[in-house]
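These notes concern the structure reproduced below.
The values are calculated or read from the model by the stated rules, or taken from the named source; none is laboratory data. Because the structure is predicted, anything quoted here is derived from the model rather than measured. In this analysis, Cβ positions are derived from the backbone assuming ideal geometry, glycine residues included, and neighbour counts consider all displayed protein chains. Surface accessibility is based on the protein's heavy atoms, side chains included, excluding ligands, DNA and RNA. Shrake-Rupley method; radii C 1.70, N 1.55, O 1.52, S 1.80 Å.
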Amino acid sequence: FSLYGSTAAYYHETSVNAFNFMALLGGLRVSDSTTLMGVSYFTIGMSLLTLLFVWIGYLIWQKTEPERLNLGILLALFGSFMFAPRMHERYLYPALVFIIPLVVETPILGVALAVMSLTFLVNLAYVMHILNAKTFFSTYDPAAMVICLLNVAAFAAVAAYAHGWNLIGEGVSLAESWRSLSANIRGPAERNWEELKVLDWTPSDTTIIAILVVVAAAIRFWRLWFPNEIVFDEVHFVGQARHYLHNRQFLDPHPPLAKLLIAVSIKIFGDHSWAWRVPNALAGTGLTAITYLLGRRMFGSRFAATIAAAFVLSDGMFLVDSRVAVLDIVYLTCAAWSYLLLFRFLQATDLIEQRRTLLGLAIVLGMCLGAKFYIPALTFLLVMGFLLFFLWQGRVVVGSGRHTSVVADPLRYRRMVGAVALGGGVGAMVYLGIFLPHYALGWWGGIADLFAYYGKVAWYEKSVASATHPYASSVLSWPLMLRPIAYWQDFPAKGDVATIWGGGNPAIWWGALTAVFIVAAQWFERRSLTRAFLAIGYVCYLLIWIPNAIYGRTLFLYHYMPAVYLGFLALALVLLECWEGRAKLVEQAAIMLTLLPVFMLGIGPGIGIVAFAAIAVVWVELLRRTEYAGKWVCGTFLCVAFILFIYFFPIWTGMRIERAGYYARMWLQGSNFGNWSWI
């Protein structure tokens, strides 16, 4: 008591830089013994404070429940800041903590929270500016008085809500509306969009995902130690991981998640080549499982889900980046995980499940943003954009019996604001948390260092804008895979050679491009959230690189991986429709024609055309005589993709092969095709 008494007695002022009612009434830093109509400001303030607490006690006595107690604490904290004399600017902070759980109840509290957040920030910043200038506020500083008025308005709104006055006409609170409407929420079918089919989990799912994970882990962890030296960009990322372990500060143009994972692996297993790559091998294996789960939700089909996961499992670019300590597979896995949680949210019929899923989605998006600079920002916008569109399209069933009707969800705008607040807030917390080692190691000392870091990244990007690289490629060349990357090579003067070739499975990549066009056309014909997501996401992941290409930034084929991943999913969907006999003739023909260059480049133009023609003749006959033409297209494509996986596997994993075998696999690199510099 003596401590509090002596501290409070130190400042005999109306307001010690707090922008509150007492400052508005008597001015800033005015002696609280000054009188107003014969009554001192100290007496006025303490009298108002006493009346406030009596009123709060009445409110809690009138309705004893946890929500009302929380509201009473909020009023006590906010009211003390507003009406008590001798308040400092920082004393508004506890009120912000207690208003947050109540925001879900009504929009007016959301507005109050926004106003209080703004006024608190301005109050702190303005006071800091004044103190740094070694001066004081004028008694009725104009800017301060505006903030005081905003705080008075925010308190009046909270008090009116607590007293039961209906300021904006809502009949029930948001929580009550959710409780009453949760059972009537309908999925995408009520939004006039093609319905997302929800599959029950069965033993088949367990078996399929177990097989996929085992196979993916086997080919990703097999000879993970090889080569026992730095490969491609490992020189940067392994070096940066070592800097964390040895507390050596450095400039990293990318957020630190992937490097921290490498550092943790080195700390656990030692500084070995295979230890550098364990996190990526785990991420690549996990991506296969995530893709299967995502395919189940997007397509409502185990068959399509298995195909999509198999494409990720057997593609060279995804395999190589899972076996080398680079960044891309980490943020790609987080991105795919966010897609999975997005579609889980879209299919949830229980609001509690939606909230939990949204929380997980925000965490994963924060991890994605913390794994690489630039491109994950598009992932965040893409996922949150579709989530908000889904909420905006919301419909609910009202009434009962014969008098039911489907109407626009009256709470959809509140849900949208809540989704942005939760997704953005939690995502930002996770993103900032990933930078905590910079503070723990003493490199950074405050939030200003984070913004300074962005300035350094901008400087770095500008400094390397004119850099060149022998494996640089243009955006337009990516879908055709015209410029793969040699991550590592061992070419002796004579004998067998070995390489780690950063290229994809040609059949899958070219088929993915075809499938994206098919899915985009289908989306225009019928409203489908899945097809819209695949087509829009694919295009956006390409367009985002156009500014970089214009300004000369060096780009590589691996920058295409987020787009081609969605292409894999689109291809799985088209092959599913072929298998089920739902694909149009032109769609089947397009998939078949995608295989023509594979045959020509793989076994030679002459024999390749003959072999393709034979397959096409069988397809035409099946079209004429049976209903199995689509199955033939699907089966043929999958067989060709599997054969190419076996064929290219040695140059994806650094196996020694004959020199002639290496050159035979270098498609589109010969003199007949040139260097494709025009594209």
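Miscellaneous remarks
- Kirkwood-Stokes translational diffusion coefficient of segment 320-462, alpha-carbon pairs, 37 °C, 0.692 mPa s, µm²/s: 190
- Cysteines without a disulfide-compatible neighbour (Cβ-Cβ under 4.7 Å), the chain: Cys148, Cys540, Cys639
- Between amide H atoms placed 1.01 Å from N, distances below 5 Å from Trp444 occur with Tyr439, all of them 5 or more places distant or on a separate chain.
- For segment 436-475, with all protein chains in place and a probe radius of 1.4 Å, 68% of the accessible heavy-atom surface sits on carbon or sulfur.
- Rounded to the nearest 20 debye, dipole of the chain from Cβ charges on Lys, Arg, Asp, Glu: 560
- Binning the C-alpha pair distances of segment 565-663 at 5 Å intervals from 0 yields a P(r) profile of 2, 12, 20, 21, 17, 13, 8, 4, 2, 0 %, listed from the shortest bin outward.
- Debye intensity ratio I(q)/I(0), log10, segment 301-365, q values 0.13, 0.15, 0.22, 0.23 Å⁻¹ (C-alpha model): -0.48, -0.61, -0.95, -0.97
- From largest to smallest, the equivalent ellipsoid semi-axes obtained for segment 424-496 from the alpha-carbon gyration tensor read 38, 18, 16 Å.
- Relative to the current alpha-carbon distance between Val264 and Ile643, full extension at 0.36 nm per residue lengthens the span by 132.7 nm.
- Against the empirical curve 2.2 N^0.38 Å, the C-alpha radius of gyration of segment 50-139 lands at a ratio of 1.27.
- Listed residues Asn17, Val516, Ile130: farthest to the positive end of the dipole of the chain (Cβ charges): Val516
- Range of Cα positions in segment 192-258 per principal axis (Å), largest first: 52, 38, 20
- In this rough spin-label picture, where each label sits 7 Å from Cα along the Cβ direction, the Ala133-Leu118 distance is 2.2 nm.
- Over the chain, DSSP H runs of length four or greater, each weighted -39,500 (n - 2.57), average out per residue to a 222 nm ellipticity of -21500 deg cm²/dmol.
- Placing +1 on the Cβ of every Lys and Arg and -1 on the Cβ of every Asp and Glu, with nothing else charged, gives segment 518-635 a dipole about its Cα centre of roughly 180 debye.
- Straight-line reach from Lys462: taking Cα to Cα under 17 Å and skipping same-chain neighbours fewer than 8 places apart, the aspartates and glutamates in range are Asp252.
- Partner aspartates and glutamates whose Cα lies under 13 Å from the Cα of Lys259, excluding those fewer than 8 positions away in the same chain, are identified as Asp233, Glu234, Asp328.
- The chain - Debye-derived log10 I(q)/I(0), Cα point model, q = 0.05, 0.07, 0.09 Å⁻¹: -0.34, -0.62, -0.90
- Euclidean distance between Cα centres, segment 128-154 to segment 421-441, Å: 31
- Shape category assigned to segment 199-341 from the gyration tensor of Cα positions, a/c cut at 1.5: prolate
- Rounded to 0.05, the FRET efficiency of the Trp459 and Leu245 pair, given R0 = 22 Å and the Cβ-Cβ distance, is 0.25.
- Net charge dipole, segment 202-284: roughly 160 debye, given to the nearest 20, about the Cα centre with Cβ charges of +1 for Lys and Arg and -1 for Asp and Glu.
- Positive-end ranking of Tyr454, Gly27, Ala613 along the dipole of the chain, with charges on Cβ about the Cα centre, is headed by Ala613.
- P(r) tail fraction, segment 250-313 - alpha-carbon pairs more than 17 Å apart, %: 55
- Around the amide H of Glu13, modelled in the peptide plane, lie the amide H atoms of Asp32, Arg86, all under 5 Å away and 5 or more residues distant in sequence or on another chain.
- Calculated Rg and Dmax of segment 528-618 using C-alpha coordinates, Å: 17.0, 50
- From the alpha carbon centroid of segment 222-264 to that of segment 316-342 is 17 Å.
- Spin-label model, Tyr663 to Ser2: label points 7 Å out along the Cα-to-beta-carbon direction sit 9.5 nm apart.
- Normalised per residue, the accessible area of the chain is 45 Å², obtained with a 1.4 Å probe and no contribution from ligands, DNA or RNA.
- In order through segment 643-655: 3J(HN,Hα) via Karplus (6.51 cos²θ - 1.76 cosθ + 1.60), integer Hz, x for Gly, Pro: 4, 5, 4, 5, 5, 8, 3, x, 8, 7, 10, x, 6
- When the chain is described by a simple charge dipole with +1 on each Lys and Arg Cβ and -1 on each Asp and Glu Cβ, the residue from Ile266, Phe42, Trp61 located farthest towards its positive end is Ile266.
- With R₀ fixed at 22 Å, the C-beta to C-beta distance from Val620 to Glu525 puts the FRET efficiency at about 0.30.
- Convex hull of segment 483-554 built on C-alpha atoms - directionally averaged projected area, nm²: 7.3
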